[in-house]
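Presented below is the structure to which this report refers.
The values are calculated or read from the model by the stated rules, or taken from the named source; none is laboratory data. Computed from a predicted model, the values in this text were never measured in an experiment. Backbone-built Cβ (ideal geometry, glycine too); neighbour counts: all protein chains shown.
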Amino acid sequence: MKQRTFTDISLKAWAVIVFGFLFAPILIIIIYSFNEGRLLVAWNEFGLGSFATIATKPAITDAVMVSIQTGFIAALIATALGTMAGVALARRAGKWAPWFLILLVLVTVTPEIVDAVSLLPWMVFLGQDAGLSIFDNGIVRLVVGHSLFSTAVVAYIVRSRLIGIDETLEEAAADLYAPPFKRFTQITLPLVMPAVLAGGLLAFTLSLDNTIVSAFVQVSGTTPWPVYVLSAVRSGLRPEIASVSTIMLLLTLAALGLVAYVLRRAGDSPTDIAKTVGGG
């Protein structure tokens with residue numbers, strides 16, 4: 001048996017400390033979601049009252065429903081656009097591909113505050129000056145803002161999946177005179193479907209977490225959950241804020257777990273799953 005050195009033990013202990021430091025706030029917010037006190041930071045007693053309060057406060061339920069609705073629509077749009085972009089980059093990469101990849105990188109690295117400041121006057125121009133009243137709708141504004149970043153993420157994931165798959169089946173179908181659309185729907189799409197599902201689920205979770213863009217482009221009556229929490233800080237956080245946050249965390253973990261399950265069922269190793277989700 002190999003004897004562990006002091007360095008090995010120290011590095012493992014340091015890793016535990018680092019992970020504990022990172023995840024301790026999440027653990028604390030989960031614990032305080034069961035607080036029966038009036039304020040979140042003032043512990044009173046253990047109970048489930050804060051979870052029951054969620055259903056009796058229309059402002060909270062409306063904010064959660066806006067976030068879920070926006071996330072679902074944004075995920076559909078990002079999945080459709082990102083899948084087409086990823087397939088094009090992997091299978092039909094030409095002289096334009098490097099420039100398109102640079103554009104995707106710019107989308108992912110641009111600070112959210114820059115996106116938010118840019119989107120606000122653009123939405124106002126389209127809705128007011130250009131007369132496109134659809135862009136005065138709060139859900140539409142949120143969906144557009146959330147789809148931008150998510151589309152790039154889906155494109156990365158789909159591209160990385162297809163690059164690792166040989167084109168033999170697609171070429172064989174072409175030799176048998178299968179039209180392009182049929183080759184795509186019956187061969188390419190099934191091959192890349194695990195990555196499409198993974199990208200869609202990640203797009204949904206990213207939308208739930210989008211705060212800065214949402215705060216800028218939202219309109220009255222369509223306040224998403226992150227913006228509601230941000231505004232609640234001014235008057236003092238209540239336990240039901242932690243309760244909804246705990247539920248949203250569980251939804252996010254469930255989505256990520258489903259992503260891993262789908263990729264695992266497709267035959268991916270844990271390393272391959274990490275590479276696919278990371279767009280590597």
Test: residue in the stretch 246-266 that is in a loop (DSSP other than H, G, I, E, B) and modelled with pLDDT under 80: yes
Near pairs, Cβ below 7 angstrom, 6+ apart or cross-chain, from the stretch 189-202 (within 14 Å of Tyr261 (Cβ to Cβ)) to any residue that is small (Gly, Ala, Ser) and surrounded by fewer than 24 Cβ atoms within 10 Å (Cβ to Cβ): Pro194/Ala266; Leu201/Ala255
Ile73 vs. criteria touching a residue at least 12 places away in the same chain (Cβ under 8 Å), aliphatic (A, V, I, L, M) and surrounded by fewer than 14 Cβ atoms within 10 Å (Cβ to Cβ): no
Selected residue (only one of Leu103, Leu27, Leu40, Leu11 is of a type outside the set (Lys, Arg) and either in contact with a helix residue (DSSP H, G or I) (Cβ under 6 Å, 6 or more places away or on another chain) or modelled with pLDDT under 80 (or both)): Leu40
Single unsatisfied condition, Trp122 versus (1) touching a residue at least 40 places away in the same chain (Cβ under 8 Å); (2) under 28 Å from Val213 (Cα atoms); (3) touching a Phe, Trp or Tyr at 6+ places or on another chain (Cβ under 9 Å): (1)
Criterion: modelled with pLDDT of 85 or more and within 14 Å of the chain's Cα centre (by Cα) - qualifying residue of Ile139, Ile157: Ile157
Filter pass, Ala88 being without any contact (Cβ under 8 Å) to a residue 24 or more places away in the chain and either out of contact with any strand residue (DSSP E or B) (no Cβ under 9 Å at 6 or more places or on another chain) or at positive phi (or both): yes
Some residue of the stretch 52-61 being touching an Asp or Glu at 6+ places or on another chain (Cβ under 7 Å), in contact (Cβ under 8 Å) with a residue 12 or more places away in the chain and either surrounded by fewer than 10 Cβ atoms within 10 Å (Cβ to Cβ) or of a type in the set (A, V, I, L, M, F, W, C) (or both): yes
The stretch 8-33, residues that are in a helix (DSSP H, G or I) and touching a Pro at 6+ places or on another chain (Cβ under 9 Å): Tyr32
Residue among Thr110, Thr151 that is under 23 Å from Ala215 (Cα atoms) and in contact (Cβ under 8 Å) with a residue 12 or more places away in the chain: Thr151
Single unsatisfied condition, Phe216 versus (1) buried (at least 19 other Cβ atoms within 10 Å of the Cβ); (2) out of contact with any helix residue (DSSP H, G or I) (no Cβ under 9 Å at 6 or more places or on another chain): (2)
Evaluation of Ala74 against (1) modelled with pLDDT of 85 or more; (2) over 30 Å from Gly200 (Cβ atoms); (3) of a type outside the set (Asp, Glu) (one fails), failing number: (2)
